[in-house]
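The values are calculated or read from the model by the stated rules, or taken from the named source; none is laboratory data. Since the model is a prediction, treat every value here as computed from it, not as a measurement. Virtual Cβ from ideal backbone geometry, glycine too; neighbours counted across all protein chains shown. Keep in mind that these areas ignore ligands, DNA and RNA; they rest on the heavy atoms of the full protein, side chains included. Shrake-Rupley method; radii C 1.70, N 1.55, O 1.52, S 1.80 Å.
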Amino acid sequence: MPLWLREHSWRQTLSAVYLSLPLRGARATPGSIFCSERYLKVSIPPFLFEAVLYAPIDDTNSTAKIGNGNIFFTLYKKEPAMWDSLTLANTDKEQLQYLRENAVLKAQEKAKEETKARKITKQEHKKYALEATMKLEEAERKRIEDLKEKERQKVAKELELWKNQQKDGDTYKSIQKKGESYQEIKPLKERKNEKTNKTQIPKEGTSKTRLKSTKGCSCSIFSENLKEEQLPAPRAAATIKVNFTPRVFPTALRESRVAEEEEWLHKQAEARRIINSDLSELEDLKEEEKNPDWLKDKGNKMFAMGDYLGAVNAYNLAVRLNSSLPLLYLNRAACHLKLRNLHKAIEDSFKALELLTPPVPDNENARVKAHVRRGTAFCQLELYTEGLQDYEAALKIDPRNKNIEKDAEKIRHLIQGTTQSS
């Protein structure tokens, strides 16, 4: 059951009624209020307020404000007059039901009319926007057509000017051809006489007159023919042969490093000589398998997979192909350490250190590994003094390596322990 809100206060003037309705802690929204000409309703569950007004009001301009726990209504009267009370007195249920239904029907009709009016307004706005867009498009189309017409007229003028120039050129060429034919008709003797007269020194009077005449005339029919006759004959055609020295490397000689290239060629020739020698087991290998670098990479992959014997075989074949690569001996020493071939590990480390000369910053890391692996093999053979020497040599190269320093300290303790026990 709803709880009726009976507490309210109101005051009036000739033109308006001011109603204040307390909410009692409820929260009202605009959707909770319904107002028509004679009927006012506020539904905030569980609270309900209904009022059949004393006289009709202007529900369109009337307002309601929600705030501070109250709803403040400003109801404008349709006819200015003072009301005896806010609501009609002695209204029975049937009259109240009739007024309520009549108010709802009027509100629905009003909402339909407003919706229809909004649709009509929206259609009018769309129509106006469409007309404005069509006008803009028409203006843009006209502007583009005007530009096209201007460009067409400009191109037509340029084409007409080009045609006139072509006509002038054709007439000038026809005049030249007529002059050439006229000169060919002249007898040979007259041409010779003209040439001799031209070569003779003219008199002062004649020279002046001729100069004046040449100055006055801008072009002559026979001027081009005279120039052609005075020009010397073209030189005979000939060919120039350029021979280049054949080079293995595509770079120019001025940009290449001859010493390094010669060393590389020597190494390649040595490798090919080894391959073509009595190594019968290399005949069945593919071309890529005869490359020491490819074999080294293959040995590295086998070592990473734990196949130490396979890695040793790959490094052995690579060493036979090129015995001057220190990394082959260094990696094979690591494999021998894993296989407990300690003497072979020492030999390979020693060979790697021989090839890692001179000591430069680029081979520091390889020299450190060679000393550590040889020192490890010495220690596993219980030759701690020789092993300590290799670890100390590695520390001199890389003094910041904490792991090598710890291992060297352990070897020192082992040496001290063996000396004390003896």
How many angstrom lie between the C-alpha centres of the range 313-356 and the range 1-72? 102
In the structure displayed, which of LYS298/LYS402; LYS78/LYS106; LYS77/LYS110; LYS296/LYS396; LYS338/LYS406 lie more than 24 Å apart, Cα to Cα? LYS298/LYS402; LYS296/LYS396
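If Lys and Arg each add +1 and Asp and Glu each add -1, what is the summed charge of the other residues whose beta carbon sits under 12 Å from the beta carbon of VAL155? Walk me through the intermediate numbers first.
Values: positive: LYS148, LYS150, ARG152, LYS154, LYS157; negative: GLU149, GLU151, GLU158, GLU160.
Result for the neighbourhood of VAL155: +1.
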Partner aspartates and glutamates for LYS177 [C-alpha distance under 14 Å; skip if fewer than 8 residues away on the same chain]: GLU224
On the accessible surface of the range 91-170, probed at 1.4 Å, how many percent belong to carbon and sulfur atoms? 56
Name the trypsin sites (Lys or Arg not before Pro) in the range 366-422 that are in a loop by DSSP and that have at most 13 other C-beta atoms within 10 Å, would you? ARG400
What number comes out for the charge environment of HIS125, summing +1 per Lys or Arg and -1 per Asp or Glu over other residues with Cβ under 14 Å away? +3
